[in-house]
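> Provided herewith is a single structure, encoded as structure tokens, for subsequent inquiry.
The values are calculated or read from the model by the stated rules, or taken from the named source; none is laboratory data. Just so it is clear, the structure is predicted and the values come from calculations on it, not from any experiment. Positions of Cβ are generated from backbone atoms using ideal geometry, with glycine treated the same way; all protein chains shown enter the neighbour counts.
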Amino acid sequence: MESVWERPEPAGRTALTPLSRAAIVAAAIALADSGGLDAVSLRKVGAALDAGPMRLYGYVATKEELLDLMVDEVHSEIDVPADTDWRIALHGWADRTRAAALRHEWFADLLGGRPAIGPHALAVNEATLAAAVTRFPAIDDARRALSTLRAYVNGAIRTEIGELRATRATGLDKLRWQTTHGPYLMRVLADGRHPHIERLVSDGTDDDPATVFATGLGIVLTGLAALP
């Protein structure tokens, strides 16, 4: 079967609601933004476009193809700064990836795994690789550095969005959750068997999500810069 990136769209049918892959993807993203990936199916997208699901199959063969198209569309929101300093360029990519995921929380669920190969994703990957090779000229070294950076960015984003989802699911924001469970935790820590956790609870700084992300990102980039 041809890749969705190369398969032509069906010829339009003027008697019916106009369709295109772009319209299908936009409707699917709107559904996912409001209800998560569980809210996305070809039937639901067709209903949103006032078109039967069978018509959509001419444009998108499977839900997996639809998800690939959605991921690529979000990549169109992620531009990599054209900077001669590789750290500035990759820092900008990481910040923009986080911002896109916060606009489209479902995007975090699809980060990682097999590489995204749509046109927008390829443009982003080319730009990040171009930045990385200025520090790591050997292509495998550049790939490994980017894999390390992506592992941090993906994990940090998933953690932050997981906290947002937990807040919505429980009705308790982080401060209220801490207040609710604080007495239990203090009783457990009183036995002295968790001295480092006790120190963290008593003396640690509770940074905001943006600071947490930026701090960890700085640590990773500094570590990569220090490699021989």
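Residues are listed down the side, and each one gets a yes or a no for (1) surrounded by 15 or more Cβ atoms within 10 Å (Cβ to Cβ); (2) farther than 25 Å from GLU105 by Cβ; (3) out of contact with any Cys (no Cβ under 8 Å at 6 or more places or on another chain):
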site: GLU6; (1), (2), (3): no, yes, yes
site: SER20; (1), (2), (3): no, yes, yes
site: ILE29; (1), (2), (3): yes, no, yes
site: LEU37; (1), (2), (3): yes, no, yes
site: ARG43; (1), (2), (3): no, no, yes
site: ALA47; (1), (2), (3): no, no, yes
site: MET54; (1), (2), (3): no, yes, yes
site: TYR57; (1), (2), (3): no, yes, yes
site: ASP83; (1), (2), (3): no, yes, yes
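> Let me ask something additional. Residue by residue through segment 59-72, note down the ones that are buried (at least 21 other Cβ atoms within 10 Å of the Cβ) and either over 18 Å from ILE117 (Cβ atoms) or not aliphatic (A, V, I, L, M) (or both).
Once the filter is applied, which keeps residues that are buried (at least 21 other Cβ atoms within 10 Å of the Cβ) and either over 18 Å from ILE117 (Cβ atoms) or not aliphatic (A, V, I, L, M) (or both), segment 59-72 yields TYR59, ASP68, ASP72.
> Just to be sure before I move on: is VAL80 in contact with a Phe, Trp or Tyr (Cβ under 6 Å, 6 or more places away or on another chain) and under 30 Å from VAL133 (Cα atoms) in the structure I sent?
Values: in contact with a Phe, Trp or Tyr (Cβ under 6 Å, 6 or more places away or on another chain): yes; under 30 Å from VAL133 (Cα atoms): yes.
Yes: the conditions hold for VAL80.
> Scanning for something over 22 Å from ILE117 (Cα atoms), in the same structural domain as ARG135 (by TED's automatic domain parsing) and in contact (Cβ under 8 Å) with a residue 12 or more places away in the chain, does segment 35-49 turn up at least one residue?
no
> Looking at (1) among the hydrophobic types (A, V, I, L, M, F, W, C); (2) farther than 19 Å from ALA82 by Cβ; (3) in contact with a Leu (Cβ under 8 Å, 6 or more places away or on another chain), which is the only condition LEU149 fails?
(2)
> Suppose we keep only residues that are under 18 Å from TRP177 (Cβ atoms) and assigned to a loop (DSSP other than H, G, I, E, B) within segment 188-206. Which one would you say is farthest from the chain's Cα centre (by Cα)?
Per the criteria, the residue is GLY204.
> Still on this model: Working carefully through the options ARG55, ARG43, find the one that is farther than 24 Å from VAL212 by Cβ, of a type in the set (D, E, K, R) and in contact with a Pro (Cβ under 6 Å, 6 or more places away or on another chain). Before the answer, list the steps.
On the way: ARG55 fails: in contact with a Pro (Cβ under 6 Å, 6 or more places away or on another chain).
Within the list ARG55, ARG43, the selection yields ARG43.
> Could you say whether any residue in segment 22-38 is more than 30 Å from LEU102 (Cβ to Cβ) and not charged (D, E, K, R)? Even if it seems obvious, please write down each step before you answer.
Taking segment 22-38 and keeping what is more than 30 Å from LEU102 (Cβ to Cβ), we get none.
No, because not a single residue in segment 22-38 is more than 30 Å from LEU102 (Cβ to Cβ) and not charged (D, E, K, R).
> Inside segment 168-187, can you point out the residues that are assigned to a helix (DSSP H, G or I) and under 28 Å from ALA101 (Cα atoms)? Explain how you work it out, then say what you get.
Filtering segment 168-187 for residues assigned to a helix (DSSP H, G or I) gives 168-170, 174-187.
Of everything in segment 168-187, those that are assigned to a helix (DSSP H, G or I) and under 28 Å from ALA101 (Cα atoms) turn out to be ARG168, ALA169, THR170, LYS174, LEU175, ARG176, TRP177, GLN178.
> While we're here: Of the residues ARG143, ARG114, only one is farther than 20 Å from ILE219 by Cβ and more than 16 Å from the chain's Cα centre (by Cα); which? Talk me through it step by step, then tell me what you get.
On the way: ARG114 fails: more than 16 Å from the chain's Cα centre (by Cα).
Unique residue meeting the criteria: ARG143.
> Further question on the same structure: Filter segment 49-87 for residues that are hydrophobic (A, V, I, L, M, F, W, C) and within 20 Å of the chain's Cα centre (by Cα) and give the result. Quick ask: steps written out before the conclusion?
Just the residues of segment 49-87 that are hydrophobic (A, V, I, L, M, F, W, C), to begin with: 49, 51, 54, 56, 60-61, 66-67, 69-71, 74, 78, 80, 82, 86.
Correct list: LEU66, LEU67, LEU69, MET70, VAL71, VAL74, ILE78, VAL80.
> Which condition number in (1) in contact with an Asp or Glu (Cβ under 8 Å, 6 or more places away or on another chain); (2) surrounded by fewer than 20 Cβ atoms within 10 Å (Cβ to Cβ) is the one that ILE88 fails?
(1)
> Which of the residues spanning segment 60-115 are touching a His at 6+ places or on another chain (Cβ under 7 Å) and among the hydrophobic types (A, V, I, L, M, F, W, C)?
Correct list: VAL74 only.
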